1. Gain in length, V79 to I42, computed as 0.36 nm per residue apart minus the alpha-carbon separation, to one decimal in nm?
2. Neighbour counts of other C-beta atoms within 10 Å: give me M207, M83, M218 arranged from fewest to most.
3. Over the stretch 117-253, what number does the Rg to Rh ratio reach, with both radii from the alpha-carbon atoms and Rh per Kirkwood?
4. Quick one: what are the phi-derived ³J(HN,Hα) couplings along the stretch 203-218, Karplus 6.51/-1.76/1.60 with θ = phi - 60°, whole Hz, x for glycine and proline?
5. Can you pull out the trypsin sites (Lys or Arg not before Pro) in the stretch 186-257 that DSSP calls coil and that have at most 15 other Cβ atoms within 10 Å?
6. If you scale each eigenvalue of the Cα gyration tensor by 5 and take the root, what three semi-axes come out for the stretch 15-86, rounded to whole angstrom and sorted largest first?
7. Rounded to the nearest 5, what % of the DSSP beta bridges within the stretch 117-253 are antiparallel ones?
8. As a footprinting exposure proxy, order D136, D244, D221 by other Cβ within 10 Å, with the fewest listed first.
Amino acid sequence: MLFFPPEGREHTVPLLPACAAQVAGGLLALMLALTFQSLWQIPLLFAAAQGLAAAGIAALLRAPRWWLAIHLGFVPLIVAARMLELPSWIWPAGFLSLLLVFWRTDRSRVPLYLTNATASAAVGALLRPTPCRVLDLGCGDGGLLLRLARTRPDCHFIGFEHAPLTWAWARLRCRGLRNIEIRYGDFWSHSLHGYALVYAFLSPVPMERLWHKAQREMDRDAQLISNSFEIPTISPLRVIEVADQRQTRLYCYRPAG
């Protein structure tokens with residue numbers, strides 16, 4: 001039985017099976033420590049064994065790839081940080097900061113992805129030559145919108161961000177430009193009608209749901225651009241290979257066309 005849901009099931013919360021993978025990883029590491037006594041003597045080595053076991057179990061349960069890195073480093077980072085003898089207030093402050101940046105990523109299953117300058121230029125090349133409206137679904141720190149708004153002052157750019165600290169930082173960065181709006185909240189309740197280009201850098205999980213929303217709401221000549229993640233079973237009209245270090249791909253669709 002698979003605890004983690006298939007990629008299309010975006011409403012299923014994987015936090016409980018993630019905790020189960022951590023606990024199971026700890027039990028496996030404990031069994032190893034009973035066999036190899038040296039693990040007890042080096043706490044960081046024991047933590048590394050737990051992280052490897054937890055990540056392996058999560059992989060078997062078909063966890064999203066970005067969860068594997070969390071499993072791998074969670075306990076080792078805690079042990080390493082405790083060895084530094086940091087003041088006690090660091091822990092709640094660090095937890096609060098992470099919460100405000102990644103705000104219920106366990107529920108949305110969309111981690112924080114940032115669009116680099118090279119990919120931003122590629123998106124800018126897809127804009128109409130005439131004034132238009134552009135929507136960024138999950139704008140992060142506002143980097144993409146900031147670059148586009150500076151090069152296309154004739155266009156109006158709107159970005160949604162649901163993580164409080166990231167939203168506040170995006171608002172602060174873009175405050176001097178009148179053709180940018182950074183809105184706090186969930187974009188699912190916002191209509192996609194009236195935008196010439198809708199940009200998404202999300203994850204594989206919500207793409208099918210986004211496609212159905214785009215088909216219902218987007219204009220016939222409007223573009224949906226997805227950074228890195230294809231829409232299941234839908235062939236893009238065009239795929240743009242971006243010449244950056246991460247070999248970004250932009251998948252271009254016309255949902256209502």
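FYI, it's all coordinate maths here, none of it is from the lab. The structure presented is a predicted model; accordingly, all values stated were derived computationally and were not measured. Virtual Cβ from ideal backbone geometry, glycine too; neighbours counted across all protein chains shown.
1. Roughly 12.3 nm would be gained on extension.
2. M83, M207, M218
3. In the stretch 117-253, Rg relative to Rh is 0.93.
4. Each residue of the stretch 203-218 in turn: 6, x, 4, x, 5, 5, 5, 5, 4, 5, 5, 5, 4, 6, 10, 6 Hz.
5. Values: sites: R209, K213, R216, R220, R238, R246, R249; in loops: R220, R246.
For trypsin sites (Lys or Arg not before Pro) across the stretch 186-257 that sit outside H, G, I, E and B with at most 15 neighbouring Cβ atoms in 10 Å, the list reads R220, R246.
6. On the way: eigenvalues 87, 47, 14 Å².
Over the Cα atoms of the stretch 15-86, the ellipsoid semi-axes are 21, 15, 8 Å.
7. 30 percent
8. D221, D244, D136
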